[in-house]
Each structure stands twice: as C-alpha cells, then as structure tokens.
1. I need the phi-derived Karplus couplings for segment 11-17: 6.51 cos²θ - 1.76 cosθ + 1.60, θ = phi - 60°, integer Hz, Gly and Pro marked x.
2. By how many degrees, 0 to 90 and rounded to 10, does the Cα axis of helix 29-40 deviate from the longest principal axis of the chain?
3. Based solely on its DSSP helices, what 222 nm [θ] is calculated for the chain when runs of n ≥ 4 H residues each add -39,500 (n - 2.57) and the sum is averaged over all residues, nearest 500 deg cm²/dmol?
4. Looking at the chain, which longest stretch skips every one of the GluC sites (Glu not before Pro) that is in a DSSP loop with at most 16 other Cβ atoms within 10 Å, leaving the sites themselves out?
5. Looking at segment 11-40, which chymotrypsin sites (Phe, Trp or Tyr not before Pro) are in a loop (DSSP not H, G, I, E or B) and have at most 16 other Cβ atoms within 10 Å?
6. From the alpha carbon gyration tensor of the chain, can you work out the equivalent ellipsoid semi-axes (sqrt of 5 times each eigenvalue) and give them in Å, largest to smallest?
7. Suppose R0 equals 25 Å; then what is the FRET efficiency for ARG51 and GLN82 from their Cβ-Cβ distance, rounded to the nearest 0.05?
Amino acid sequence: MNIIIVIETNYALPEDFRERYIGAPCHSFGEAEELVRMHACEIEEFASVQRYFVHNGERWYLSSTETGEILREYAIQYIDFQ
C-alpha cells in the first residue's frame, strides 16, 4: 500500500507543537499540493514559496514579506508500505 502525507511545520509555535499532520492521506502529489496551497492561503504575511524536490517527496517553504524568514514548511512524503 502506498500513501502520500503532508506534514506542516509552523515556526511561530513553541518547538514541541510545531509539527502536525494535515489532511487525510493523499492519493497523488497533485492532491497533496492542493492541500498545501489551501493552507498557504491562510497565511497573509508570506511573500514567496520555495519548492524543492527531495527523495520520496517535496519540501515547500513559505517566507515572510517583511523579514524573509521561513514561516512554515510543508513536507510532502511518499510512503511505501510493503
């Protein structure tokens, strides 16, 4: 069984509460990207989105308009259960 999950890291929260699983398991990377974009629309102060492809997934970074610091990170991971 194969699934794709999305983990959000919110750097505005205390370290123990930064990471959370969002959404249900996705069936495609396109579905996971829609989930990330939906959550990114809720953040008004971000200026740019950097997207990197990594082994078994993608990383998305949302940066601040004022400081350039990373506000949130989204990890889209492909998990292969065998």
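Bear in mind that the values in this text are calculations on the coordinates, not laboratory data. Remember, predicted model here, so these are calculated numbers, not experimental data. Positions of Cβ are backbone-derived with ideal geometry, glycine not excepted, and every protein chain shown enters the neighbour counts.
1. Computed from phi, the couplings for segment 11-17 are 6, 7, 8, x, 3, 5, 10 Hz.
2. Compared with the principal axis, the helix lies near 20 degrees.
3. On the way: 1 runs with 12 residues, N = 82.
Theoretical 222 nm ellipticity from helices: -4500 deg cm²/dmol.
4. Values: sites that count: GLU42, GLU44, GLU45, GLU66, GLU69.
Free of exposed loop sites, the longest segment is 1-41.
5. On the way: sites: TYR11, PHE17, TYR21, PHE29; in loops: TYR11.
Sparse-neighbourhood loop chymotrypsin sites (Phe, Trp or Tyr not before Pro): TYR11.
6. Numbers: eigenvalues 108, 35, 25 Å².
Here the semi-axes work out to 23, 13, 11 Å.
7. On the way: r = 28 Å, r/R0 = 1.13.
Efficiency at R0 = 25 Å is approximately 0.30.
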